[in-house]
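Presented below is the structure to which this report refers.
The values are calculated or read from the model by the stated rules, or taken from the named source; none is laboratory data. All of these numbers come straight from a predicted model, not from anything done at the bench. Cβ atoms come from the backbone with ideal geometry, glycine included; neighbour counts cover every protein chain shown. Ligands, DNA and RNA are stripped out before the accessible areas are found, and what is left, the full protein with its side chains, is counted by its heavy atoms. Shrake-Rupley method; radii C 1.70, N 1.55, O 1.52, S 1.80 Å.
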Amino acid sequence: MFGAIAGMVGLSAVAGVLVTVMVTPALAVTGMAASNTIGIFESLPEYIKINEQTQRNALYAYATDDPADGFVQFATVYAENREEVAWDEVSQYIKDATVAGEDRRFYDHNGVDVQSIVRAAIGNVTSGGIESGASTLTMQLVKNIFITEALKAETEEERDELIARAQEQSLERKLSEAKLAIGLEKNYTKDEILLAYLNIAGFGGNTYGIQAAAQQYFGVPASDVTIAQAASLIAIVQQPGARSLGDPENYPRNQERRDFILDSMLAEGFISESEHAEAINTPVDENFVTPTPPSNGCIAASAYAKQFCDYIVKNVRNFEALGTTEEERLANWRLGGYDIYTTMNFELQRIAQNLVRENVPATDSRLNIGSVATQVEVGTGRILTMAQNRPFDDSLEGASNPAVTAVNYATDRAYGGSSGFQVGSTYKIFALAQWLDEGRGLNEVVDASRFELNQAAFVDTCDDGGGPWGGPWEFKNSGGGGAPAMSVFQATVSSVNSAYASMGEQLDQCAIRGKAEALGVHLATGGPLRTNPSAILGTNEIAPLTMAAAFAGISNGGVFCEPIAVDKIVDRNGEELPGQQPDCRRALTAEVAAALIAPMQAVITNGTATRSRIGDGVPVFGKTGSTDSWNQTWMVGGSSEVVTAVWVGNVTGQYSMQRYPSGAALRHDIWRPLMAATNARFGGNSFPAPPARLLAGSGVRLPADVIGMTQEEAKALLEGLGFRFELGPAVDSDLEAGRIARMSFAAGTLLARGTIITVNPSKGNLIVVPNVSGQGLSFEDARDQLTDAGFPGVAEQCTVLAPDADPLLDGTVTSQNPAGGAKVAFGTVVTLTVSRFDCS
């Protein structure tokens, strides 16, 4: 009856009733006129919209490399544990329990229940304050909408303030709720309002909405609850903190309210006597409640994909399908309801994660050990795997547990908190790329004999790489020395630091950085790569994912693709949105890329990575890397289809991996079986051969006629050919003093232009010994020839001939020391051996 009247009277009339009931006690205290409060009511907004409520976001990976095998959900991420459901997905028991327990005249009033208002008046007059506002279910929905919007606030302080404002016992809030409730009733059906209430209501903790509550407390969807379960769920909504089923201490309070709701359901005719008896005789205890903990966040993701989950969440601001600005994307993500179909291959991810953790422990008393294996698809940049030795845990408890970490070692600081790791000799490839891009060749020979260079001699045109450089740079080769000169090809296969230092001396350090940057390489912490001369040996700290993507660009014929992690997105309405589209650009010419891969294939077949040989027939390439102190070790490489980067080393600290059991081999023992499993699924094609011009390059063969030239003549010739001339100390020689007697490279060697040729002038202190033996000469004749040639000291010794010897040998010189043709110092005594039948 009262509901019908309220539907006919005007808004101002309703306002009068509301004011009379709700604020009469306040008028007695403040002296405010009732007409003024009606004016306040009239000035309030009339309409509020039932916005989309926050929902859970689900992350999926490909089950295998075949899309037909479907997807695997590996994480659920949400701001609020909520899954919005449709009307027919909610049990009628829940709908009836809500009406019976919260608003029996819900289907009769128009947002404000006048009958309840009159009843509330008595309580307000008695208390002298605004304690009872006769809130209808619609008015509760209004309050919950405000609370939900408050939860979206950026800061905790702002959120708490907005929630308090939505819940405060004030005249303005009560009037506002009433007016907005009337507005809701004008724009939505009763069923829409009831469903919205059930989808938005809080059920304790971070659980919102009837579907999440049913799943969390009873392990069933909202469509399948029993009468007792339905009433127990609705018992929570008025006081979630006191009646939530998440805490056993709340069970008695929940049962008391639940039983009241069951009685109301019986009184309203929603359930029968027998149904009521069965439900009310079911105690709220541990047998009744079957809690299913919510699996929110990456800490609760699949054990195989926690780090990748965290990477996805930290990349949300880059997902253009979620909005035009970063702010809009983040806001939509918090609103939720997205199914994110990532690029991860879950089958490979399991293999990668198992291999990493089988080989590298989460903790070790000797060092702060870490390891990553991550894979990128060639030609797209799609991230296939991201495995780590130390499990992910971003909780407060995890912060004090050394066996877990919130840091994702595979990524940059912005996407995982890591500062990256020095990449060692894997960085040499970018110097080789610049070398080849300048038209130099793999077969050109470079100096590998020097282990200290002047940094001031290195060109660096970058003004933001940390230079200028000066002072000596000392370095060493892994394993000791090495050949004094070698081809660039062999220097790459054997990873010879001294050879690459010589190459760097002939290149612009800024140009080397440019090649790395073209392939997407950057510091994990941001900022420009450093261009100090030692950077060529890998002193920049870079993330494993970055190195994998760079080498994938080389495998892709020089076309680099930015790493991407999402293939498609499906929103809450089932609409498919685009994921991250491949973002590719040419970084190197195809010829340079082919020439880079050639020596890196030999790195695996007979170089520093023979332990990574697979032998399955799929062509692969790779490059090892280690720091001077061996605190970091790397293996990066792959096939024409997939590239794998493996890092094993110190998260912090300088403990040498050479001292760790199999420390230098661990990277290979992860990379090899992981690439074998990858090849079995993706296969691979042969790589193109390097062009002939990048084999010989612009090298020049060292001419032989430098020997014998004056120093000035040699300098002019060598510098004219593009070499650098360096005068070494004088050496013993039969050439005229001052003339060139020796060079640091053999004549005919194909040398890189810019190579330093060290020449040694003659001391002019050697003389050639004439050959006087075996000529049939007597001692006297041989002595005379030697004396004439400048050998005044000649000695004689006799050797006895055999009886059957040729008589013509008797009395002749048959040998000499030094031998004929030898170069010796002036004054050297020559001993002649004379053969005789009788030496007595």
Residues in the range 209-224 that are open to solvent by 10 Å² or more (accessible area, probe 1.4 Å) and either on the phi > 0 side of the Ramachandran plot or touching a Leu at 6+ places or on another chain (Cβ under 7 Å) (or both) total 1
Residue satisfying condition, being open to solvent by less than 10 Å² (accessible area, probe 1.4 Å) and more than 22 Å from the chain's Cα centre (by Cα), within set Ala598, Ala593, Ala602:
Ala593
Given (1) surrounded by fewer than 23 Cβ atoms within 10 Å (Cβ to Cβ); (2) modelled with pLDDT of 95 or more; (3) closer than 28 Å to Pro582 by Cβ, where does Asn408 come up short, assuming only one miss?
(1)
The conditions are (1) among the aliphatic types (A, V, I, L, M); (2) surrounded by 19 or more Cβ atoms within 10 Å (Cβ to Cβ); (3) modelled with pLDDT under 90, and Ala696 fails exactly one of them. Which is it?
(2)
Of everything in the range 320-337, what is within 23 Å of the chain's Cα centre (by Cα) and crowded, with 21+ Cβ neighbours inside 10 Å? Give them in sequence order.
Leu322, Trp333
Looking at Glu168, Glu158, Glu192, Glu154, which one is open to solvent by 30 Å² or more (accessible area, probe 1.4 Å), more than 29 Å from Ile94 (Cβ to Cβ) and at pLDDT 70 or above?
Glu158
Which condition number in (1) of a type outside the set (Lys, Arg); (2) in contact (Cβ under 8 Å) with a residue 12 or more places away in the chain; (3) farther than 20 Å from Gln55 by Cα is the one that Glu273 fails?
(2)
Within the range 646-668, take every residue that is among the hydrophobic types (A, V, I, L, M, F, W, C) and in a strand (DSSP E or B) and give me the one that is most open to solvent (accessible area, probe 1.4 Å).
Val651
Looking at (1) under 15 Å from Ala433 (Cα atoms); (2) in a helix (DSSP H, G or I), find the lone condition where Val521 falls short.
(2)
Subset of the range 556-567, residues open to solvent by 10 Å² or more (accessible area, probe 1.4 Å) and farther than 24 Å from Phe308 by Cα, comes to Asn556, Gly557, Val559
Kindly establish whether Gln455 is over 17 Å from Thr652 (Cβ atoms) and either at pLDDT 90 or above or surrounded by fewer than 19 Cβ atoms within 10 Å (Cβ to Cβ) (or both).
yes
Filter pass, Thr787 being out of contact with any Cys (no Cβ under 8 Å at 6 or more places or on another chain), free of Cβ contacts under 8 Å to residues at least 24 places away in the same chain and not small (Gly, Ala, Ser)
yes
Just need a number here: residues in the range 785-824 that are farther than 30 Å from Asn765 by Cα and either at pLDDT below 90 or outside any strand (DSSP E or B) (or both).
11
Restricting attention to the range 265-286, does a residue exist that is under 29 Å from Thr76 (Cβ atoms) and either open to solvent by 40 Å² or more (accessible area, probe 1.4 Å) or assigned to a strand (DSSP E or B) (or both)?
yes
Give me a count of the residues in the range 614-625 that are part of a loop (DSSP other than H, G, I, E, B) and within 24 Å of Asn443 (Cβ to Cβ).
2
Assess whether Arg701 counts as being within 30 Å of Ala590 (Cα to Cα), of a type outside the set (S, T, N, Q) and open to solvent by 30 Å² or more (accessible area, probe 1.4 Å).
yes
Sort out which residues of the range 348-394 are of a type in the set (D, E, K, R), within 22 Å of Phe74 (Cβ to Cβ) and modelled with pLDDT of 95 or more, and write them in order of number.
Arg350, Arg357, Glu358, Glu377, Arg382, Arg390
Of the numbered conditions (1) closer than 30 Å to Asn408 by Cα; (2) assigned to a helix (DSSP H, G or I); (3) open to solvent by 60 Å² or more (accessible area, probe 1.4 Å), Pro293 fails exactly one; give the number of that condition.
(2)
Residues that are assigned to a loop (DSSP other than H, G, I, E, B) and farther than 24 Å from Asp88 by Cα, drawn from the range 225-244:
Gln238, Gln239, Ser244
Please go through the range 387-403 and pick out each residue that is more than 19 Å from Gln349 (Cα to Cα) and buried (at least 20 other Cβ atoms within 10 Å of the Cβ).
none
Looking at the range 529-555 only, could you name the residues that are assigned to a loop (DSSP other than H, G, I, E, B) and either open to solvent by 20 Å² or more (accessible area, probe 1.4 Å) or out of contact with any helix residue (DSSP H, G or I) (no Cβ under 9 Å at 6 or more places or on another chain) (or both)?
Arg530, Asn532, Thr539
When Val643 is run through (1) among the hydrophobic types (A, V, I, L, M, F, W, C); (2) open to solvent by 10 Å² or more (accessible area, probe 1.4 Å); (3) part of a strand (DSSP E or B), the failure sits at (2)
Test Glu149 against the stated conditions and say whether it is among the acidic types (Asp, Glu), at pLDDT 70 or above and either more than 24 Å from Ala242 (Cα to Cα) or open to solvent by 10 Å² or more (accessible area, probe 1.4 Å) (or both).
yes
Cβ pairs under 6 Å, 6+ apart, first in the range 352-373 and in a strand (DSSP E or B), second of a type in the set (Ser, Thr, Tyr)
Leu367/Tyr655; Asn368/Thr652; Gly370/Tyr409; Val372/Tyr409
Cβ contacts < 6 Å: first residue over 18 Å from Ala431 (Cβ atoms), restricted to the range 538-558; second residue assigned to a helix (DSSP H, G or I), any location; separation 6+ or different chain. Result?
Gly557/Ala590; Gly557/Ala593
Restrict the check to the range 786-806 and report whether at least one residue is under 30 Å from Glu736 (Cα atoms), among the charged types (D, E, K, R) and crowded, with 16+ Cβ neighbours inside 10 Å.
no
Unmet requirement for Asp224, which otherwise passes all of (1) closer than 25 Å to Asp108 by Cα; (2) acidic (Asp, Glu); (3) at pLDDT 90 or above
(1)
Given the criteria within 21 Å of Leu432 (Cα to Cα), assigned to a strand (DSSP E or B) and at pLDDT 95 or above, does Met635 qualify?
yes
